[in-house]
1. Would you mind calculating the relative contact order of chain A from Cα pairs under 8 angstrom and at least 6 residues apart, reporting the percent as a whole number?
2. Which of B:Leu168, B:Leu255, B:Val221 sits farthest toward the positive end of the charge dipole of region B:155-280, with +1 on the Cβ of Lys and Arg and -1 on the Cβ of Asp and Glu?
3. Out of A:Ile176, A:Leu38, B:Asn266, whose Cα points farthest toward the positive end of the dipole of the protein assembly as shown (charges: +1 Lys, Arg; -1 Asp, Glu; placed on Cβ)?
4. What helices does chain A hold that run 18 Å or longer along their axis, going by alpha-carbon atoms, with a Kyte-Doolittle average of -1.0 or more, using DSSP H for the helix calls?
5. Zone of B:Leu272 (label point 7 Å along Cα→Cβ, backbone N under 18 Å): which residues in region B:298-333?
6. Kindly write out, for region B:23-38 in residue order, the coupling ³J(HN,Hα) from the Karplus curve 6.51 cos²θ - 1.76 cosθ + 1.60 (θ = phi - 60°), rounded to whole Hz, with x marking Gly and Pro.
7. Express as a percent, rounded to the nearest 5, the fraction of DSSP beta bridges in the protein assembly as shown (both residues included) that run antiparallel.
8. Can you give the relative contact order of region A:1-88 as a percent, counting alpha carbon pairs under 8 Å and 6+ residues apart?
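Rule-based calculations on the coordinates, nothing more; no lab input. Keep in mind that what you see is a predicted model, and the values were worked out from it rather than measured. Methodologically, a virtual Cβ is constructed for each residue, glycine included, from the backbone with ideal geometry; neighbour enumeration extends over all protein chains shown.
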Amino acid sequence: MRKTKKEKQQVFQWLLLIPTVLFFCVFLVLPFVLLIVLSFRDIDSMQNLLDTYSFSHYIEVFTSDIYIDAILSTLGLAAVTTVLCIVFAYPAAYLLVRAPSRRLRALFYILLVSPLLTSVVIRTFAWIVLLAQNGLINDILLKLHIISEPLSLLWNMKAVVIAYVQVMLPFAVLPIATSLSETNPNLRNASMSLGAGRIQSFLKVTLPLTIPGIISGAMIVFSLAAGSYITALLVGGRMQPIFPLSIYQQVMQVFNLPLAAAMSISLVFIVLIFVGILGLILKRWEARMHG
Amino acid sequence: MKGIKIDHVSRIFNDNVALADVSLDVKEGEFFSLLGPSGCGKSTLLNIIAGFLEPTDGLVYIGGNNVTDLLPYRRNIGMVFQNYALFPHLTVFENVAYGLKIKKLPRKEIEERVTEALSLVQLSSFAKRRPHQLSGGQQQRVAIARALAIQPSILLLDEPLSNLDAKLRKEMQFELRNIQQRVGITTVLVTHDQEEALSISDRIGILGKGHLQQVGSPLEVYRRPANRFVAEFIGQVNLFEAVAKKDETGIYEALDYQTDENTTLNLDVGNLVIEQKQEKVLLMLRPERIHISKTLVEQRLNSAKVKLQEASYIGNALRLKVVMNKGELSINTPDLMFETLPNIGDEFYVYWDAKDLIPLEEGE
C-alpha cells in the first residue's frame with residue numbers, strides 16, 4: 001500500500017514536470033538539433049541548400065581571419081565586461097547584504113533588478129540619448145567647458161562595454177550577494193581578533209570565501225556578453241567586429257544559413273569551454289572548503 | 001598576563017537594556033565564567049570586552065589599559081567562537097598561523113609557534129588537514145590553538161563547547177581547564193551551562209536580565225546564592241516564603257506548605273539571624289540536603305510526612321518530587337537510599353538540618 005502511494009506521488013511529480021520539459025524540447029532542444037544538422041549542409045553558389053553534408057562551414061569559420069578576429073574580440077569583450085561587472089557588483093552586493101534594515105535591503109533589491117524589467121531596446125536607446133554627439137553627457141561637459149568639442153562616445157567598443165556592464169550587472173550582483181550572505185560573520189570577527197584590520201580581513205577571509213559567488217556571476221555574465229548582439233548593434237553599430245553580429249549579418253543580409261549555423265554552434269562550444277573551465281575552478285575551490 | 005576590569009558598563013540596543021551598569025574585575029590568570037540564561041547579556045559583555053560591540057556607557061580595561069575605544073584587532077585578544085569559526089579555505093596549519101602572518105613574524109618563528117600551539121592541543125599530526133576533515137572536538141582544539149598562538153593578553157571563549165555532544169563536552173571542559181592552567185592566561189568563558197561553569201571556573205559571574213546578580217567561587221554561588229534568581233538558575237532548589245513566628249525566635253512558618261489540615265510547615269533556622277527588611281523572608285533548601293526516613297522522625301521542626309508523586313532514576317541518584325498536605329518538595333538522594341525504586345504514592349518522612357536553610361534576597 002505504502003509503496004503504491006509513493007509511486008503515485010512520483011508519477012504526480014513527473015506529471016508536473018511535463019509542461020516544462022515539453023516546452024524545452026520543442027523550443028530549445030529541437031531547434032538546437034536542427035541547427036547542428038543545418039550547419040553541416042552544403043550550399044551552392046546561390047546559397048541554396050544541397051543534400052550533401054560536410055565540415056566546409058566550420059573550416060571556413062576557423063580559417064577566415066575575419067571570423068577568427070571577430071571571435072577573439074568577442075571573447076575579449078566578454079572578458080572585459082565580466083571583469084568590470086564583478087568589480088562593480090562586489091561593492092553593490094556587499095551593500096545589499098549588510099544593509100542595516102530589511103526595508104532598505106528590499107529597496108536595494110528592487111533597484112538592482114529594475115533594469116531587467118525594461119526592454120533591451122528601450123534601455124539601449126537611453127544609452128544613445130546619453131552618449132550621442134549631441135547627447136546629455138557631451139552637452140553637460142561642453143557647457144561646463146571641460147571639453148571644447150563633443151567626444152565620440154557612441155558607435156565604438158567602449159560604448160558596447162558600458163551598455164553591457166549596465167545590463168549584466170544584476171547577474172553578477174545576485175550570486176555574489178548570496179555567497180556573501182552565506183559566510184559566517186564570526187569568521188570576520190575571528191580574523192579581527194587575530195589582529196587583522198578590516199581591509200586585511202576582507203582580503204584574506206571574506207573575499208576567498210565568496211569566490212564561488214564571483215565565479216558563478218562570471219559564468220553568467222561571460223556567456224551573456226559573448227552571445228549578445230542587439231545592444232552591440234544599437235550602441236556600437238554594425239561595423240564592430242563582434243561575432244554574434246557576424247552571425248546576424250550572415251542570416252539577415254547574406255542569407256547563408258548553414259554558415260550562420262556553423263558559426264553559432266562554434267560560438268556555443270567556445271563559450272562552453274570557457275564556462276566549463278570556470279566551473280571546474282569553482283568545483284575545485286568548493287571541494288577545498290567543504291570536502 | 002593581564003587582568004580585566006569592567007567599569008560601570010551599560011549597553012542599550014534600541015531602548016532594550018542588554019547590560020545595566022555592570023562592574024567586574026577578572027584577576028590575572030583567573031578562569032572566569034559569565035553564566036546566565038540566553039538573553040541575559042553575557043554575550044554582549046564578552047563582545048564588549050573583545051571590542052566587537054561598543055558599550056553605551058562605561059569603560060573596559062585590559063591589563064590596566066583603557067581599551068574602550070580600541071578596535072578589536074588592536075586589543076591582542078584570543079577568542080574562540082561557538083561554531084569554531086575556522087577559516088574553511090585554509091589548512092589547520094594556516095589557520096593557526098593566520099594571526100602570526102598578520103603580525104609579519106619571520107617564517108621560522110611562525111613555524112615554531114604553530115607547532116607549539118598544535119602540540120599544546122595534541123593535534124600536531126593534523127597540520128595539513130582542512131577544517132572540514134576534522135571532528136567537532138578537533139575543530140574546537142584548532143580554534144583554541146589559533147587563539148593562543150598569537151600569545152594574547154587574554155582569552156575569550158564564547159560558548160565554545162555548546163556544539164559538542166555531552167561526553168565530548170565533559171572531556172573538552174577538562175582539557176580546556178588544563179590548557180588554561182598550563183598557559184596561565186586570564187580567561188573569560190561565556191556559557192549557559194551551569195555544570196560547565198561550576199566545574200571549570202575559579203570564579204563565576206551570574207548575569208540575569210542585564211544585571212550582574214552575583215560574583216563568587218563555584219562553591220559560593222551554589223551554597224550561598226545572593227538572590228532568588230541565582231538560586232533558581234544554578235541547580236534545583238526548594239524555596240520557602242516564610243514569616244517569623246511571634247512567640248518563638250528562629251522559627252518561621254512556610255506560608256505555602258502544610259504538614260496536615262491545620263498545621264503549616266515550621267522551619268527552624270537555628271542560630272541564624274535574619275535581617276528582615278520585609279515581613280516575609282525567602283529560605284532556600286537544596287534538594288540533596290533533604291534526608292529521607294521510612295520511620296517517624298523525632299523532630300517537630302524541619303520535617304514532614306510526604307507522599308511520593310514523581311520519581312526519576314538518573315543512575316547515580318534518584319530525583320523525587322514529593323507532596324505534603326499542601327506544597328511540594330524536590331529531593332535528590334543517592335542511589336543507595338532505596339534497595340528498589342520507590343512506588344508512586346509511597347509515604348515516608350523527610351527532614352533537614354537548620355543550617356541547610358539559606359536565606360535569600362528577593363533580588364531584581
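1. Numbers: 295 pairs, mean separation 77.9, N = 291.
Contact order relative to length: 27 percent.
2. Farthest towards the positive pole: B:Leu168.
3. Towards the positive end, the residue furthest out is A:Leu38.
4. Taking the DSSP H segments of chain A (at least 18 Å long, mean hydropathy at least -1.0), we get A:2-24, A:65-98, A:157-182, A:211-227, A:257-290.
5. Within reach of a label on B:Leu272, which here means backbone N under 18 Å from a point 7 Å along Cα→Cβ, region B:298-333 contributes B:300-304, B:329-332.
6. With the stated coefficients, region B:23-38 comes to 10, 7, 10, 9, 7, 4, x, 7, 9, 10, 10, 9, 10, x, x, 5 Hz.
7. On the way: 61 of 80 bridges.
Roughly 75 percent of the beta bridges in the protein assembly as shown run antiparallel, per DSSP.
8. Numbers: 26 pairs, mean separation 10.9, N = 88.
This gives 12 percent for region A:1-88.
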